[in-house]
Each structure stands twice: as structure tokens, then as C-alpha cells.
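The values are calculated or read from the model by the stated rules, or taken from the named source; none is laboratory data. Just so it is clear, the structure is predicted and the values come from calculations on it, not from any experiment. Neighbour counts are summed over all protein chains in view; Cβ atoms, including those assigned to glycine, are modelled from backbone coordinates with ideal geometry. Protein only, heavy atoms only, side chains kept; ligands, DNA and RNA dropped before computing areas. Shrake-Rupley method; radii C 1.70, N 1.55, O 1.52, S 1.80 Å.
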Amino acid sequence: MATDHRPSPPPGADPLAGDLAARYQGMADVRAGAGHVATAMGRYFATEEAVRQGLREVDRFVGSMVDTSALPPDEVILPAVPEPEHGRLRAIVNSVIAARHLDGVLPFIRDTSAELVAAALAAASDGRPVDLVEALADPLPTVVIAHVLGVSPDDRDRFRQWSDELLAAQGRGADGDLARTHPEFAAYVQREIDSRRAAADPPDDVITRLIHGETADGARLSDAAVRTQTMFLIVAGNETTRNLIGNCLRTLAERPDMYAAVRADRALVDVVVEESLRHDSPVQILARQALADGSLGGCPVAGGERVVFGIASANRDASRHADADTFRLDRPYPRDHLAFGTGAHVCPGAALARAEATAILHELCERVESLVLAPDFVPRPNPVFWALGQRSLPCVVTPAGGAG
């Protein structure tokens, strides 16, 4: 194995720092040094090359933000399920939300986006600022994932609350058993499962498809397995997408020139979304456990060792992205980033998240002449340790001519 002669990062370099500026500086320091550093979560890998390699080696690295190795198999969420079981569960989820299956969902996303933007404009009709996280970024993902899963959109506020509570528990060191961590949420999902099992003609949604799915040995999934994956999808479908939408909105609110350019050329909407994913990665890290001895980024990794893939750091790696710390709309390959992972285990909800973000931005461009941050804006970042997003975004919005 080749010896890595690069220097170690300076003392105190912390790619997991709570302060965003310090976090990105820590990432840069680690990339400039050995490319990896020991952290409390495991060895952190900062370079695009190492992170891409680790993400692609799905047979060697498996797991999630918490160590699930002691959990019963039916309580393990999709990202931590090893192959071949992972592939079977993933195929069921993909049968509804993968890009090739979204045609039936896109009109609902567009209609919901139009309703939300109209409501935001109505709330801002007297010139007062409107919180675009509360009005747009929070509700759209919750309503959409409820629609996809086949549960009532009337419960969207509860989904958001439950998601926040589960993620807060994760930050406090919960063991990864979703049902034990949040019994109320689990009981709700169990009732949805029971209703489908009892129905003569259940709806064709993700929950029903999970119920009728099979494990690698041909058995049907247990209620516990269906419940676990449904809870995971509600949380994942809510959290990552609202962070993406909020980050896009903040960038455009801070850059009136950019918003004007996007309004003038709607083809740039997709570019804004991709560049936001790269520059402001909603998922900053992914944690995994090595299943076998090997190496990554020139560093030996032992079987059983916890590792952290620095998604945000990889997406700011200047060896892959020119002018990496700048938000640009002229990159030749806008999708050349790792925000949704890569390889066989790329995020199954990537197409859905993109569809929601682009729908909101298209609707804004159509109906909003300008949006700027409120004069008294104070950043409220997402407190989830692995995420980057906005908890509040008060903006002054000006309707386009004829919109109201």
C-alpha cells in the first residue's frame, strides 16, 4: 500500500463543527492534509476521490448515522440494510418514487406548489415579510411524501413534528430503533399497515407494496419491517427535501441578480437546484461501518470500524470542482456532485426531491417578481448534526404583474 506523505490537518481542524464557517474550514484543512481525520463518529474522509470510492463499495461499507449492528434485522432502516436484502427493499421503494415512475406524481407536486405559492403571496399582500420555510419548504415535502405513501395529508403537521422529534433523539444518541424511540409515530404507521391488510382492495402505494414485498429468502416482510421502512421514508422524504428547498430559497433571496437571471431563463432552475445540492449539501455526512479490512483514500480501514463520508467536503473539493467555494450557474456538468450519493445505493428519493425543488422554483419565478431577505433576518440553521438547512427564512416578496 502506498504511503501517504501529505501533512496531517492542523490541530483543532473539525469538519463536524457546529459553526458552519468553522465546519467548512475544517473540511478544507483535512483535504489539504492527509484527507482523513479521526473524529468521535469515526474516521472522517474529506476528499471527493475517497468519498466516491466509499459510496460505491456497498458490499464493504454499510450502515447509517447510528450504529444499528445490535438491532433486529426488521428494525434496521434501508440505508443500513446489507445486500441482498437492501436491493429487494430498494426495488419496492423505487417502484413508486424512482425517476421513471414519477409521471403520476408530478402533477400533484406542481398543483401543490402552486397552492403554496399562492398562499404565501396572499400572506404577503400587505407588504409584510413571509417566512418561506414555513410557507413553502416545510409543507411541500410533507404533503408529497404523504401522497406517495398513501397516508392523509391532513396529518402533515404531525409528520413534521415526529420527524423533528426522531432526529432530535438521534442527536441525543438514540439507538436507531425508530418504534422504541417514538411509539406514537410507530402506532400511527401500524394503523396504516393494519388498514391495508384488512382492505379487500388496498391502495397501490409504498406501504401496500412493502406489505406484499418479499425478503431475500422469499418470505413476506413483517409488520415491523414495513413499519420501520415507512417511518424512515417519512423522515427522509421530509428532512432532506425541505433543507434543499430552503437552501435554494436563501441563495436566491440573498442574490437578487441571480433570481432575476433565473426568472429570465427558466432553464436555470434545474442548475440552481444542482448547484445548491453541491455547494450547500443538505446531507453533510454519511456514516458507515466497514464489513471487511481494506483501505480508503490511502488509509487502512479495519473491519468493524466506523467511517464518515464527508459529502459536503467532497462537493467542495477543488480537485473536482473549479472555484469550489463559489455558487456558480455556469458549471459544465451541474449534476457532477455526491449530494445524493452515487453507485448502487444512490438516494432512492433523489428524483422526487429534485422534482419538488424545481416545481417550487418554477412557480416562484412565474408569480414572484422579486424576493429579498427581510431587514431583520437572523439565520436559524437546522440543528440536526448531519444536515444543512434553514429553520426560518422571512422574505419580502413582490408579486409579478397579474399575480396575487
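Note on the chain: with a GNM built from Cα contacts shorter than 10 Å, the maximum mean-square fluctuation among ALA38, ALA350, ALA236 falls on ALA38.
With a Cα-only, solvent-free Debye model of the stretch 184-262, what are the log10 I(q)/I(0) values at q = 0.15, 0.17, 0.24, 0.27 Å⁻¹? Treating every Cα as an identical point scatterer, log10 I(q)/I(0) equals -0.64, -0.72, -1.11, -1.23. Other residues lying with their Cβ under 13 Å from the Cβ of VAL143 contribute a combined charge of -2, Lys and Arg counting +1, Asp and Glu -1.
To put it simply, the accessible area of the chain at a 1.4 Å probe is 53 percent carbon and sulfur.
Of VAL206, TRP162, ALA122, which is farthest along the charge dipole of the stretch 105-238 in the positive direction, counting Lys and Arg as +1 and Asp and Glu as -1 at C-beta? Most positive-ward Cα: VAL206. Computed from the Cβ-Cβ distance with R0 of 51 Å, the FRET efficiency linking SER125 to ALA318 stands at 0.65.
Computed over the alpha carbons of the stretch 20-99, Rg followed by Dmax gives 15.9, 43 Å.
For the stretch 229-242, the Karplus equation 6.51 cos²θ - 1.76 cosθ + 1.60, evaluated at θ = phi - 60°, returns couplings of 5, 5, 4, 4, 5, 5, 5, 5, x, 8, 5, 5, 6, 5 Hz by residue, with Gly and Pro reported as x.
Dipole orientation for the stretch 246-404: of the candidates VAL397, LEU364, ALA344, ALA344 has the Cα lying most toward the positive pole (charges on Cβ; Lys, Arg +1; Asp, Glu -1). Using the Cα gyration tensor of the stretch 29-186, with a ≥ b ≥ c the square roots of its eigenvalues, what is the shape: rounded (a/c below 1.5), prolate (a/b larger than b/c) or oblate (neither)? It is prolate, given that a/c is not under 1.5 and a/b is the larger ratio. One decimal place: the segment ALA38-MET258 gains 75.3 nm when fully extended, by the rule 0.36 nm per residue minus the C-alpha distance. For the stretch 267-340, dividing the convex hull volume of the Cα atoms by the residue count gives 91 Å³ per residue.
Ligands, DNA and RNA are left out, and with a 1.4 angstrom probe the accessible area of the chain is 41 Å² per residue. Largest GNM mean-square fluctuation among ALA322, ALA351, ALA387, using the chain with Cα springs under 10 Å: ALA322. Note on GLU49 and ALA168: the model spin-label points, each 7 Å out from Cα along the C-beta direction, lie 4.4 nm apart. The spread of Cα positions in the stretch 293-404, taken along each principal axis and listed from longest to shortest, comes to 63, 31, 29 Å. Backbone phi angles across the stretch 266-272, fed through the Karplus curve with coefficients 6.51, -1.76 and 1.60 (θ = phi - 60°), yield HN-Hα couplings of 5, 4, 6, 4, 4, 5, 4 Hz in residue order; Gly and Pro are listed as x.
About the Cα centre of the stretch 273-331, how large is the charge dipole given +1 on each Lys and Arg Cβ and -1 on each Asp and Glu Cβ? Please answer in debye to the nearest 20.
Roughly 120 debye, rounded to the nearest 20.
The shape of the chain comes out oblate: with a ≥ b ≥ c from the C-alpha gyration tensor, a/c is at least 1.5 while a/b does not beat b/c.
Rounded to a whole number, what is D in µm²/s for the stretch 239-281 from Stokes-Einstein with the Kirkwood radius over alpha-carbon pairs (20 °C, 1.002 mPa s)? Roughly 206 µm²/s, to the nearest whole number. Taking the three principal axes of the alpha carbon atoms in the stretch 142-226, the coordinate ranges are 39, 33, 18 Å, sorted in descending order.
For the stretch 299-345, chymotrypsin sites (Phe, Trp or Tyr not before Pro) meeting the loop criterion (DSSP other than H, G, I, E, B) and having at most 12 other Cβ atoms within 10 Å: none. Rounded to the nearest 0.05, what FRET efficiency do ASP154 and ALA200 give with R0 = 30 Å and r taken as the Cβ-Cβ distance? Could you check? Once the sixth-power term is evaluated, E becomes 0.80.
Would you mind classifying the stretch 200-358 by shape? Square roots of the alpha carbon gyration tensor eigenvalues, ordered a ≥ b ≥ c; an a/c under 1.5 is rounded, otherwise it is prolate if a/b is larger than b/c and oblate if not. The shape class here is oblate.
Each of the peptides 363-371, 82-90 was scored by the mean count of other Cβ atoms within 10 Å over its residues; in descending order, highest first, they stand as 363-371, 82-90.
Mind checking the log10 I(q)/I(0) for the stretch 323-387 at q = 0.15, 0.29 Å⁻¹? Debye, one equal scatterer per Cα, no solvent, two decimals. Summing over Cα pairs of the stretch 323-387 leads to -0.86, -1.14.
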